[in-house]
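J.: Encoded as structure tokens, here's the structure I'll be asking about.
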Amino acid sequence: MLILGIESSCDDTAAAILQTDQCLLSSLVSSQDTLHQKFGGVVPELASRKHIETITSICKEALHQAQVSLDDIELIAVTQGPGLIGSLLVGFSYAKALSYASNIPFIGVDHMAGHLLSVFLSEHKPPFPFIALIVSGGTTSLFRCDSYTSFSLLGRTRDDAAGEAFDKIAKLMDLGYPGGPHVYKAAANGDSSKYRFPRSWLEEDSLDFSFSGLKTAVMQCYNSSDRSIPTINDICASFQESVIDVLVGKTLLAAKQHSIPTIVLGGGVSANGALRQRMEDVCVERSLSLYAPELSFCTDNGAMIAFAGYHKFLKSGAGMSYDEDVYSRSPLG
Ligand code: KG4
């Protein structure tokens, strides 16, 4: 089966062609980073307008690079939510229209399911069940995954997502947008033991997260500092260390609570080299197996939506009704 996957939940327009769940024929992402850079964050109205400009050409280019035509496509999978409603509506309406005009079934996919399954686009695929840590700009959650379509939420952030904290701190220090890669780069030149920022563990045994206190502590530290480059590097390193301690600690706790020895990473923040390295080290220490997507599949992409859509379609046996609508909050958690 040939699947066209479309993603437009936030500020990236993406399309991919996947053959069943095995062979990725093309995957394109059109980033809006330069558009939102001067605002230090995504401007929803600008994002949806840009999606409208890009969606047709990126889908055509995905077909072209895969050397297939629309007539060959047997399923259109598209992100249904969560995300910015205006952005989601562009991809979802486009997919519906294409489906109706071409008589191809379409299926709406939860963006979180895409991130949870993006590791299957890599060569090393995890066995079920596994514990998944999904960390992006919009979410920080822990899941238990028992199959391609069965996910249980174990914990989630009660305030900011980890990626949001990276982005806000980068904005404060004027490091660039999106903030995560800039903070990571600055942290590589800093001393992570210079500042002792808080770790929010919440209640004993809780798998929830909280990053707003950390963000405030970093802001206060920066505002009262000399703001020199070495100081910024040290603040970034100490902040990143605090985030990683909690992400890794809670993931290990989830694995222990559920007696599951397999851990999977997903979402934009999982591109962070320091997080990947620490997770790898603790997994080796504790005889756990770690699976992480290739860097290009950590951030938003159409391939993960095609993959998740294929499995949802296999389970449901049918496409979706045109009455379906987008949603801003994920029913997965
Ligand atoms: O998954 P994603 O592309 O979009 C969402 O669904 O949110 O994730 C984007 C987030 C942004 O907050 C970005 O700053 C963060 O992932 N990010 C990183 C790194 N690369 C991207 N955070 C920390 N370190 C990185 N290397």
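The values are calculated or read from the model by the stated rules, or taken from the named source; none is laboratory data. Fair warning: this is a prediction, and the values are worked out from it, not measured in the lab. Here the Cβ is made from the backbone with ideal geometry for all residues, glycine too, and neighbour counts use every protein chain on show.
J.: Output the number of the condition that THR20 fails; it satisfies all remaining conditions of (1) within 16 Å of the ligand (Cβ to nearest atom); (2) more than 26 Å from ASP174 (Cβ to Cβ).
T.: Result: THR20 passes all but (1).
J.: Hey, could you check region 307-333 for residues that are within 16 Å of the ligand (Cβ to nearest atom) and of a type in the set (A, V, I, L, M, F, W, C) and say which is surrounded by the fewest Cβ atoms within 10 Å (Cβ to Cβ)?
T.: From region 307-333, those within 16 Å of the ligand (Cβ to nearest atom) are 307-308, 326-330, 332-333; that's our starting set.
With of a type in the set (A, V, I, L, M, F, W, C) added as a condition, the list becomes 307-308, 326, 332.
Numbers: PHE307: 30, ALA308: 28, VAL326: 23, LEU332: 19.
Among those residues, the one meeting the criterion is LEU332.
J.: Just checking, does region 67-75 include any residue being among the hydrophobic types (A, V, I, L, M, F, W, C) and farther than 24 Å from ASP21 by Cβ?
T.: Looking through region 67-75, none of the residues is among the hydrophobic types (A, V, I, L, M, F, W, C) and farther than 24 Å from ASP21 by Cβ.
J.: Go through region 130-160 and report how many residues are closer than 18 Å to PRO293 by Cβ, modelled with pLDDT of 95 or more and in contact with a strand residue (DSSP E or B) (Cβ under 9 Å, 6 or more places away or on another chain). Steps first, please.
T.: Residues of region 130-160 that are closer than 18 Å to PRO293 by Cβ, as a first pass: 130-143, 145, 148, 151.
Of the ones still in play, those that are also modelled with pLDDT of 95 or more are 130-135, 140-143, 145, 148, 151.
With in contact with a strand residue (DSSP E or B) (Cβ under 9 Å, 6 or more places away or on another chain) added as a condition, the list becomes 130-135, 140-143, 145, 151.
So the answer is 12.
J.: In region 1-110, which strands (runs of 3 or more DSSP E) lie fully inside it and hold 3 or more residues that are among the polar types (S, T, N, Q)? It would help to see each step written out before you state the result.
T.: Numbers: elements: 2-7, 12-19, 23-31, 75-81, 106-110.
Because the criterion is at least 3 residues that are among the polar types (S, T, N, Q), the strands (runs of 3 or more DSSP E) in region 1-110 that meet it are 23-31.
This table checks each residue for (1) surrounded by fewer than 20 Cβ atoms within 10 Å (Cβ to Cβ); (2) in a helix (DSSP H, G or I); (3) in contact with a Pro (Cβ under 6 Å, 6 or more places away or on another chain).
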residue: THR231; (1), (2), (3): yes, yes, no
residue: CYS236; (1), (2), (3): no, yes, no
residue: GLN240; (1), (2), (3): no, yes, no
residue: VAL246; (1), (2), (3): no, yes, no
residue: THR251; (1), (2), (3): no, yes, no
residue: LYS256; (1), (2), (3): yes, yes, no
residue: ILE263; (1), (2), (3): no, no, no
residue: VAL269; (1), (2), (3): no, yes, no
residue: ALA274; (1), (2), (3): yes, yes, no
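J.: Could you list, in sequence order, all residues of region 44-66 that are out of contact with any Leu (no Cβ under 8 Å at 6 or more places or on another chain) and either more than 28 Å from THR20 (Cβ to Cβ) or of a type in the set (Phe, Trp, Tyr) (or both)?
T.: Initially, region 44-66 is screened for residues out of contact with any Leu (no Cβ under 8 Å at 6 or more places or on another chain), giving 45, 49, 51-57, 60, 64.
GLU45, ARG49, ILE52, GLU53 - these are the residues of region 44-66 that are out of contact with any Leu (no Cβ under 8 Å at 6 or more places or on another chain) and either more than 28 Å from THR20 (Cβ to Cβ) or of a type in the set (Phe, Trp, Tyr) (or both).
J.: Another question about this same structure. Checking the condition of a type in the set (S, T, N, Q), under 27 Å from SER200 (Cβ atoms), modelled with pLDDT of 95 or more and touching a Gly at 6+ places or on another chain (Cβ under 9 Å), which residue from GLN240, GLN257 passes?
T.: Details: GLN257 fails: touching a Gly at 6+ places or on another chain (Cβ under 9 Å).
The unique qualifying residue is GLN240.
J.: Residue check, GLU204 against (1) closer than 30 Å to LEU153 by Cβ; (2) surrounded by 14 or more Cβ atoms within 10 Å (Cβ to Cβ), all met but one. Which one?
T.: Only one criterion in (1) closer than 30 Å to LEU153 by Cβ; (2) surrounded by 14 or more Cβ atoms within 10 Å (Cβ to Cβ) is unmet by GLU204, namely (2).
J.: Kindly indicate whether SER99 is in contact with a Cys (Cβ under 9 Å, 6 or more places away or on another chain) and within 27 Å of THR54 (Cα to Cα).
T.: Working: in contact with a Cys (Cβ under 9 Å, 6 or more places away or on another chain): no; within 27 Å of THR54 (Cα to Cα): yes.
Here the answer is no, as SER99 does not meet what is asked.
J.: Need the failing condition index for PHE120 against (1) within 16 Å of the ligand (Cβ to nearest atom); (2) in a helix (DSSP H, G or I); (3) touching a residue at least 40 places away in the same chain (Cβ under 8 Å); (4) under 21 Å from the mean Cα position of the chain (by Cα), just the number.
T.: Going through the list (1) within 16 Å of the ligand (Cβ to nearest atom); (2) in a helix (DSSP H, G or I); (3) touching a residue at least 40 places away in the same chain (Cβ under 8 Å); (4) under 21 Å from the mean Cα position of the chain (by Cα), PHE120 breaks only (1).
J.: Among the listed residues VAL78, VAL42, which satisfies the condition of being surrounded by 18 or more Cβ atoms within 10 Å (Cβ to Cβ), among the hydrophobic types (A, V, I, L, M, F, W, C) and without any contact (Cβ under 8 Å) to a residue 60 or more places away in the chain?
T.: On the way: VAL78 fails: without any contact (Cβ under 8 Å) to a residue 60 or more places away in the chain.
Of the residues listed, the single one that is surrounded by 18 or more Cβ atoms within 10 Å (Cβ to Cβ), among the hydrophobic types (A, V, I, L, M, F, W, C) and without any contact (Cβ under 8 Å) to a residue 60 or more places away in the chain is VAL42.
J.: Please state which one of ALA237, ALA274, ALA303 is closer than 30 Å to LEU75 by Cα and either in contact with a helix residue (DSSP H, G or I) (Cβ under 6 Å, 6 or more places away or on another chain) or within 16 Å of the ligand (Cβ to nearest atom) (or both).
T.: Details: ALA237 fails: closer than 30 Å to LEU75 by Cα; ALA274 fails: closer than 30 Å to LEU75 by Cα.
One residue alone meets the criteria, ALA303.
J.: Which of the residues that make up region 171-200 are surrounded by 20 or more Cβ atoms within 10 Å (Cβ to Cβ) and free of Cβ contacts under 8 Å to residues at least 40 places away in the same chain?
T.: Of everything in region 171-200, those that are surrounded by 20 or more Cβ atoms within 10 Å (Cβ to Cβ) and free of Cβ contacts under 8 Å to residues at least 40 places away in the same chain turn out to be GLY179, HIS182.
J.: Return the total of residues in region 96-117 being surrounded by 22 or more Cβ atoms within 10 Å (Cβ to Cβ) and either among the basic types (Lys, Arg) or over 30 Å from LEU142 (Cβ atoms) (or both).
T.: So the count comes out to 1.
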